[in-house]
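So the structure is just underneath, and the comments pick up after that.
The values are calculated or read from the model by the stated rules, or taken from the named source; none is laboratory data. A quick note: this is a predicted structure, and the numbers were derived from the prediction, not measured. Virtual Cβ from ideal backbone geometry, glycine too; neighbours counted across all protein chains shown.
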Amino acid sequence: MSLANWLRVFRTLHERAKKGELSGVDAEDYRAGCDELSRALLAAQKISLKPGELPRHALRVARALQVNLETKVSSARATTIDVSVAGFSVLLGKAPPNEPQTATIRLPGAEPIVVEVLPGECKQQTGSVRVAFLFQKLPDAAKARLEMLVIDTALSQLAG
């Protein structure tokens, strides 16, 4: 099967998954397709999986989402640069304290996801800092919503 045909079939499965219409073998085929697509995109980006990591959970896509970050003494509003099931990155004016924060992530057409995050890698840039935040104890329902958003975004960026 050509890549264009595979993408056409997978997009159909993805649309059905978004509507909650998959079960049994179709749901298994869809998850396998998510992993196959993710594995191909990770390989193209030269990103290696950690042992036991699912490709669809490692895939990070460029996606702008509004996020509010709050600590006990401060709050900040930012826009994501990229997002994955593991976390997201944003540009901030200064590096945040290395402590848990509450992130409220606004998803298009859906309820926001509220989750505890920890700052990870900070990269100084001209006039700002790029900060990667890692999700802590992301509920399964939120994980499924983010996974759907990541795959949806990846598909929207592919021709075919």
Discussion item. What are the pairs with Cβ atoms under 7 angstrom where one residue, in the stretch 78-105, is assigned by TED's automatic domain parsing to the domain that holds Leu49 and surrounded by fewer than 21 Cβ atoms within 10 Å (Cβ to Cβ) and the other, located anywhere, is in a strand (DSSP E or B) and modelled with pLDDT under 95? Sequence gap at least six, or different chains.
Written reply: none
Practice prompt. Could you run through the stretch 6-40 and say how many residues are outside any helix (DSSP H, G or I) and either buried (at least 16 other Cβ atoms within 10 Å of the Cβ) or in contact with an Asp or Glu (Cβ under 8 Å, 6 or more places away or on another chain) (or both)?
Written response: 1
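Results for (1) of a type outside the set (D, E, K, R); (2) in contact with a Ser or Thr (Cβ under 9 Å, 6 or more places away or on another chain); (3) modelled with pLDDT of 90 or more, shown as yes or no for each residue.
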site: Glu36; (1), (2), (3): no, no, yes
site: Ile47; (1), (2), (3): yes, no, no
site: Ala62; (1), (2), (3): yes, yes, yes
site: Ser84; (1), (2), (3): yes, no, yes
Discussion item. Need the failing condition index for Pro112 against (1) in contact (Cβ under 8 Å) with a residue 12 or more places away in the chain; (2) surrounded by 14 or more Cβ atoms within 10 Å (Cβ to Cβ), just the number.
Written reply: (1)
